[in-house]
Amino acid sequence: MATSTTPHYTVPGVSTHDGGRIIDVLSTRLHALNDLSLTLKHIHWNVVGPHFIAVHEMLDPQVDRVRAMADDTAERISALGGVPHGTPGALVAERSWDDYSVGRADAIAHLGALDLVYTGIVEAHRAAVAEVGKIDPVTEDLLIEQLRALEQFQWFVRAHLENSGGSLSQAGARTEHEAARSARQDTGR
Ligand SMILES: [Fe+2]
């Protein structure tokens, strides 16, 4: 996780100590959002097979929205007196997760893996909401708004993987490759 020093100033009504804590939380969320926007483009470029165009075109509006989330998050860090780190090197050095691991693959395989990606970011965003909610409702509101969209995007992904009985083909998968494999098997590809 990124470590920041206590800022020289922060938003009125919040102590600089608490401002520093919020900046730390947001710095990791910024990395997660930048990582997600790049991963979504990677899938947009590498998806193949019968559902190519549906998935290829579904992902670009998600990229646009996630990039806007990253922008809002970075500017909130600045408003709080912090420094948003937007370079790839900082992202890789400070993130706690691995690179997305699926290359060229069919749509269902990518969606199985992407479901796990969304699970990771949604869980971490919820934990961030719980942490900053105690000290800054404005940052909490920003993250809640982002969560609503992220959860909707995960539903778009899961709708491709759900059977008529309402269960998800890749449920229980722990790795992206495992999720990709079980998603494909369940749909017979
Ligand atoms: Fe494109």
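Values in this text are rule-based calculations from the coordinates and carry no lab data. This structure is a prediction, so every number in the text was calculated from the model and none was measured. Cβ atoms come from the backbone with ideal geometry, glycine included; neighbour counts cover every protein chain shown.
Worth pointing out:
- Ranking of 57, 162 by count of other Cβ atoms within 10 Å, fewest first: 57, 162
- The mean sequence distance of close C-alpha pairs (under 8 Å, at least 6 residues apart), as a share of the length of the stretch 59-189, puts its relative contact order at 30 percent.
- For the stretch 33-84, taking the reciprocal of the average inverse distance between every pair of different Cα atoms yields a Kirkwood hydrodynamic radius of 12.1 Å.
- Its DSSP H runs of at least 4 residues, each contributing -39,500 (n - 2.57), put the calculated 222 nm mean residue ellipticity of the chain at -23000 deg cm²/dmol, to the nearest 500.
- Each part reduced to its alpha carbon centroid, the stretch 11-69 and the stretch 112-160 end up 10 Å apart.
- The base-10 log of I(q)/I(0) for the chain, evaluated at q = 0.08, 0.09, 0.14 Å⁻¹, reads -0.28, -0.35, -0.77 [Debye formula, identical scatterers on Cα atoms, solvent excluded].
- Summarising the label geometry, the points placed 7 Å from Cα in the beta-carbon direction at residue 9 and residue 38 lie 3.3 nm from one another.
- Using the Cβ-Cβ distance between residue 126 and residue 64 with R0 = 22 Å, the FRET efficiency computed as 1/(1 + (r/R0)^6) comes to roughly 0.45.
- Where labels lie 7 Å past Cα in the beta-carbon direction, separation of residue 48 and residue 90 in nm: 3.7 nm
- Protection proxy ranking of 145-151, 103-109 - average other beta-carbon atoms within 10 Å, highest first: 103-109, 145-151
- Span-like helix criteria (full DSSP H runs; alpha carbon extent of at least 27 Å along the helix axis; mean Kyte-Doolittle hydropathy of at least -0.5) are satisfied in the chain by 16-46, 52-79, 107-132, 137-159.
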